[in-house]
Amino acid sequence: MSPARRSPCVTTTRRTRHAVLASATALAALAVAVPAQALGTGTAALPGVTPRAETPALYDDEAGGNADADDPAIWRNAADPGRSLVVATAKEGGLRVYDLDARPVQSISAPAGGRFNNVDLVHGLKLPTGRADLAVTTDRGNDRLRIHRIDRDAPGGPLVDITDPAAPPVFSAGQSEIDEQRTAYGLATWTDRATGRSYALVSRRERTSIALLELTAAAGGTVGYRKVRTLDLPASFRLPDGSSWAPCAEPGELPQVEGMVVDPASGMLYAGQEDVGIWRMRADLTSAPRLIDRVREYGVPAVYDAETEECAAGADPGFGGDHVSADVEGLTLLTESGGDGYLLASSQGDDTFALYDRELEDANEYEAGFRVTAASATLDGSEECDGAAALSAPLGAKYPNGLLVVQDGHETPADGDRTGTGFTFVDLGDVLAAVED
């Protein structure tokens, strides 16, 4: 859609678009038989979990430094887990670092023209100066990766920029293409256990491409990258009735991927194509992608109206999934011993989270869902969630069962007419207790 439609979850165009789709689908239900699950009914019955903390609100205006919460990652301090950190993107506002009380520790400005979209971590990359933990970020404004070394006690830290100055654009051939902003967008990191090499998997805004980039140590302790290969997901789909369907979008836009995560045990990449569903493929991009779940809106015909910049939906043919509503967003892993655990997906369209079996033997089947609901009038839950990160390891006395951090696309209480976003901290033990009860 418009540029606003592709920014975080809090845009008016995003809410209006889904309202149009929902209204049209509801009317269509009077004329055709549509499975109740495809219409999203029953999600209100999902269990709710309440957060333990939330970050101060970020505001995407001049007074707020154009900061817009998007995607978090959790770094565990092995020497002192209670002093672990959350690294998070704030779009034009750069990066934010928080402690486990959700208090700001560090703010890093984006470079000129920069817009930090997604972040993930690499542990123990070998550099000339020794092994280092890294925060890797997509700078969608400049079509590059930014790499920061993590050192909890570094002067001026804990994050220090060590990006190779010669790092090239990820997708663009030159500045004119960068200006079109079909640039580096979603991100997941992966370390190949067989070779020890570390990679970033990067999606492209308004396109279906995913690129595999190997992270490389450069002179002076900096880190760059080289492109290994790319893979393009489908942009249109054959439906069971034999017709062809593509998600509605502004002319020239294709259904993009943002949320991604790699399961290190299986070496599988999970990628959320926002208006389509969740794909699984080898992290080295050498296997055919497999769609493991579809959004509820999959297959719904819609027509883009240039005047309103919205999509008007037709009748729902009932080919969509039962568990997530577009956009499917932040993907993360809730790991357990023995290979058990879950793949978590943010179902942005209905403010819920879906859990799928992590084990390939069980075909990543859907297991459960939940909401993050308000704990009090001042500690709200998560709405229109974009990014999410989970860490299934003890983090001191505050989070002995691990931590889930989710983006909140609608911070409350509001500050007048300003629209705030932020990040919400949830005890991972509370999540598992709710869904496994």
With respect to Ser376, determine if the residue is under 25 Å from Asp99 (Cα atoms), open to solvent by 30 Å² or more (accessible area, probe 1.4 Å) and free of Cβ contacts under 8 Å to residues at least 12 places away in the same chain. yes
How many residues are in a helix (DSSP H, G or I) and of a type in the set (A, V, I, L, M, F, W, C) when one looks only at the range 189-248? 1
If you go through the range 156-163 one residue at a time, do you hit one that is touching a Ser or Thr at 6+ places or on another chain (Cβ under 8 Å), more than 24 Å from Gly402 (Cβ to Cβ), open to solvent by 10 Å² or more (accessible area, probe 1.4 Å) and of a type outside the set (A, V, I, L, M)? yes
Please indicate, with yes or no, whether at least one residue in the range 354-369 is farther than 29 Å from Leu100 by Cβ and touching a helix residue (DSSP H, G or I) at 6+ places or on another chain (Cβ under 7 Å). yes
Of all residues making up the range 140-155, the number that are over 16 Å from Arg226 (Cα atoms), not in a loop (DSSP other than H, G, I, E, B) and not basic (Lys, Arg): 2
Please give the number of the condition Leu231 fails out of (1) over 26 Å from Leu121 (Cβ atoms); (2) surrounded by 17 or more Cβ atoms within 10 Å (Cβ to Cβ). (1)
Is there a residue being at pLDDT below 95 and not small (Gly, Ala, Ser) anywhere in the range 210-223? no
Test: Leu333 is among the aliphatic types (A, V, I, L, M), open to solvent by 10 Å² or more (accessible area, probe 1.4 Å) and free of Cβ contacts under 8 Å to residues at least 24 places away in the same chain: no
Here's a check for you: in the range 268-294, which residue that is open to solvent by 20 Å² or more (accessible area, probe 1.4 Å) and touching a Lys or Arg at 6+ places or on another chain (Cβ under 6 Å) is nearest to Ala326 (Cα to Cα)? Ile292
Taking only the range 335-376 into account, find how many residues are of a type in the set (Gly, Ala, Ser), more than 25 Å from Val119 (Cα to Cα) and assigned to a strand (DSSP E or B). 1
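For (1) under 20 Å from the mean Cα position of the chain (by Cα); (2) modelled with pLDDT of 95 or more; (3) closer than 20 Å to Asn118 by Cα; (4) assigned to a loop (DSSP other than H, G, I, E, B), each residue gets a yes or a no:
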site: Thr378; (1), (2), (3), (4): no, no, no, yes
site: Glu384; (1), (2), (3), (4): yes, yes, yes, yes
site: Ala389; (1), (2), (3), (4): yes, yes, yes, no
site: Ala397; (1), (2), (3), (4): no, yes, no, yes
site: Gln407; (1), (2), (3), (4): yes, yes, yes, no
site: Glu411; (1), (2), (3), (4): yes, no, yes, yes
site: Phe423; (1), (2), (3), (4): yes, yes, yes, no
site: Asp430; (1), (2), (3), (4): no, yes, no, no
Could you grab me the full set of residues in the range 101-124 that are part of a strand (DSSP E or B), open to solvent by less than 50 Å² (accessible area, probe 1.4 Å) and over 14 Å from Val160 (Cβ atoms)? Phe116, Asn117, Asn118, Val119, Asp120, Leu121, Val122, Gly124
Residues of the range 360-400 being polar (S, T, N, Q) and over 14 Å from Ser347 (Cα atoms), in sequence order, are Asn364, Thr373, Ser376, Thr378, Ser392
Cross-chain or 6+ apart pairs with Cβ under 8 Å, the range 353-372 first and within 16 Å of Asp437 (Cα to Cα) and open to solvent by less than 10 Å² (accessible area, probe 1.4 Å), then among the aliphatic types (A, V, I, L, M) and not in a strand (DSSP E or B): Leu355/Val435; Gly369/Leu46; Gly369/Val435; Phe370/Leu46; Phe370/Val431; Phe370/Ala434; Phe370/Val435
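The values are calculated or read from the model by the stated rules, or taken from the named source; none is laboratory data. All values reported here derive from a predicted model rather than from experimental measurement. We place every Cβ from the backbone using ideal geometry, glycine too, and count neighbours over all the protein chains shown. Areas reflect the complete protein model, heavy atoms only, side chains present, ligands, DNA and RNA absent. Shrake-Rupley method; radii C 1.70, N 1.55, O 1.52, S 1.80 Å.
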